Amino acid sequence: MASFDKPALSAYFRRFATKIFISLLFIVSLTSVRVYADSDPKKGEELFTSNCRGCHNPPNVDKKLTGPSLKNIDQKHTEAWLIKWIRNNEEFRKSGDKDAIKIFEDNGKVPMNTFPSFSDDDIKNIIAYVKAISNVAPDDGGGETKNTVTENSENEGSNYSGILWIVVLTLLALSALIFRINRNLRRYAEEKNGDNIPHKSFYREVFSKGNVAFIIFIIVLYSGYWLVSASQGLGRSKGYQPIQPIKFSHAVHAGQNQINCLYCHAGAEKSKTASIPSAMICMNCHKAIDKGPRTGTEEIAKIYNAVGYNTTSGKYDGAQHPIKWIKIHNLPDHVYFNHAQHVKAGQIECQKCHGAIETMDEVQQAHSLSMGWCVNCHRETGVQFEQNKYYEPLFTKLHEELKSGKIDKVTEGEIGGTECQKCHY
């Protein structure tokens with residue numbers, strides 16, 4: 001029977017363990033700053049404002065709006081439960097969850113919007129925001145205290161990241177100490193046995209060619225992952241909020257005054273583009289209203305100047321100037337998107353893509369509008385399929401399955417919504 005060289009085998013396993021230990025320490029050190037990002041109240045605040053604020057009061061206001069109060073909701077349900085509920089409450093209710101059904105019934109059976117595009121991290125960020133702000137005293141107007149969440153989250157994130165770095169440096173120091181102790185013990189044992197084996201220095205042993213090559217491999221692997229992730233985000237403008245030439249508040253017009261989106265953006269249900277309303281649309285109201293509730297006469301005067309309106313004579317006798325609005329929601333040139341197809345045929349609400357626009361004083365891009373985001377929406381969103389003759393000749397089988405109860409809805413993805421030619425032809 002062949003005999004094993006025990007010292008050589010021991011040295012092999014020791015070197016292997018060293019590589020694993022060094023790589024783990026390196027990965028921990030690289031990712032330590034990213035750990036806190038999984039539950040960032042600041043990001044959660046942005047998501048809440050653009051997606052939830054239209055139906056829910058801020059978490060520190062214990063008062064029902066359209067939806068129930070969210071104050072301390074993290075103490076009433078587990079994180080796993082909240083993730084299922086927020087992402088798709090409709091499917092969650094169908095699963096038979098008693099709490100989900102009770103909330104639905106207690107709130108007049110008004111269904112909450114579904115958010116299939118939200119990742120687990122997005123929802124965890126919202127939960128972190130709710131948790132951070134729930135016990136913050138509201139201001140005199142009943143809203144949440146400004147900047148409190150942002151400041152707290154930044155401080156907590158900084159402290160948390162600092163603690164992680166301390167842990168990493170402590171582990172590195174301990175590993176150096178363990179290596180040195182191990183090396184001295186081996187030398188002592190060999191000298192006691194009368195062996196005379198030359199030893200490498202501590203530095204050369206730790207940073208041997210094998211260890212260095214292994215660290216380089218980990219760096220390349222991690223860098224590749226980071227590069228792909230960063231590249232996927234190129235051209236995305238989520239959170240883009242340019243300063244417009246006129247401080248037009250959607251919160252006042254669409255929220256407070258309940259003006260229908262289609263009154264100004266009439267093209268949204270009739271054509272490919274939603275269209276920017278002409279200044280004369282504004283004048284339908286502002287010929288009589290010359291003072292706004294937030295900005296006084298200053299911003300409305302800019303509209304008068306654009307259309308050449310003379311407030312003294314009540315005539316359009318001045319020079320006209322175009323209002324140079326800055327477009328916020330931009331898609332690449334190779335992407336075809338038709339507003340009428342979504343708004344008129346699909347009955348998709350504006351908030352689905354644009355966020356809670358009725359709560360925004362300054363409009364910002366609420367979603368990434370990436371291909372993955374659109375495809376996920378097509379996979380989840382049901383179409384107006386029943387008694388729709390447009391789909392009858394092509395999708396007879398789906399009509400039969402719908403009538404028989406085999407399926408309860410037909411999604412856009414099932415009728416070609418995920419095919420490349422749908423958006424790229």
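The values are calculated or read from the model by the stated rules, or taken from the named source; none is laboratory data. These numbers were taken from a predicted model, which means no experiment stands behind them. Neighbour counts run over all protein chains shown; Cβ positions are idealised from the backbone, glycine included.
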Checklist outcome for this item: Of the residues in region 96-122 that are in contact (Cβ under 8 Å) with a residue 24 or more places away in the chain and closer than 16 Å to Lys238 by Cβ, the one that is surrounded by the fewest Cβ atoms within 10 Å (Cβ to Cβ) is Asp121
Next on the checklist: Any residue at all in region 406-417 that's in contact with a strand residue (DSSP E or B) (Cβ under 7 Å, 6 or more places away or on another chain), at pLDDT 85 or above, farther than 30 Å from Asn257 by Cβ and surrounded by fewer than 17 Cβ atoms within 10 Å (Cβ to Cβ)?
Outcome noted: yes
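Does Thr381 meet the test of being without any contact (Cβ under 8 Å) to a residue 40 or more places away in the chain, in contact with a helix residue (DSSP H, G or I) (Cβ under 6 Å, 6 or more places away or on another chain) and in the same structural domain as Cys423 (by TED's automatic domain parsing)?
Answer is yes for this residue.
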Checklist outcome for this item: Given the conditions (1) in contact with a Pro (Cβ under 8 Å, 6 or more places away or on another chain); (2) over 13 Å from Leu70 (Cβ atoms); (3) of a type in the set (S, T, N, Q); (4) at pLDDT below 85, every one holds for Ser134 apart from (2)
Checklist entry - Given the conditions (1) over 21 Å from the mean Cα position of the chain (by Cα); (2) β-branched (Val, Ile, Thr); (3) outside any helix (DSSP H, G or I); (4) modelled with pLDDT of 75 or more, which single one is not true for Ile101? => result (3)
Item to check | Test for His367: is it touching a Lys or Arg at 6+ places or on another chain (Cβ under 9 Å), surrounded by 16 or more Cβ atoms within 10 Å (Cβ to Cβ) and touching a residue at least 60 places away in the same chain (Cβ under 8 Å) | outcome: yes
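Yes or no, residue by residue, for (1) farther than 26 Å from Thr49 by Cβ; (2) exposed (fewer than 14 other Cβ atoms within 10 Å of the Cβ):
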{"residue": "Ser229", "(1), (2)": "no, yes"}
{"residue": "Arg236", "(1), (2)": "no, no"}
{"residue": "Gln258", "(1), (2)": "no, yes"}
{"residue": "Pro322", "(1), (2)": "yes, yes"}
Next on the checklist: Name the residue that is farthest from Lys406 (Cα to Cα), counting only residues in region 370-393 that are among the aliphatic types (A, V, I, L, M) and surrounded by fewer than 20 Cβ atoms within 10 Å (Cβ to Cβ).
Outcome noted: Met371
Checklist entry - Got a sec? Which helices (runs of 4 or more DSSP H) wholly within region 354-425 have at least 1 residues that are over 25 Å from the mean Cα position of the chain (by Cα) and within 20 Å of Asp333 (Cα to Cα)? => result 420-423
Checklist entry - How many residues, within region 384-422, are touching a residue at least 24 places away in the same chain (Cβ under 8 Å) and touching a Lys or Arg at 6+ places or on another chain (Cβ under 9 Å)? => result 6
Checklist entry - Do any residues in region 289-309 that are farther than 15 Å from Pro322 by Cβ have Cβ atoms under 7 Å from those of residues that are among the acidic types (Asp, Glu), where the two are at least six apart or on different chains, and which pairs are they? => result Gly292/Glu299; Thr297/Asp290; Ile300/Asp290
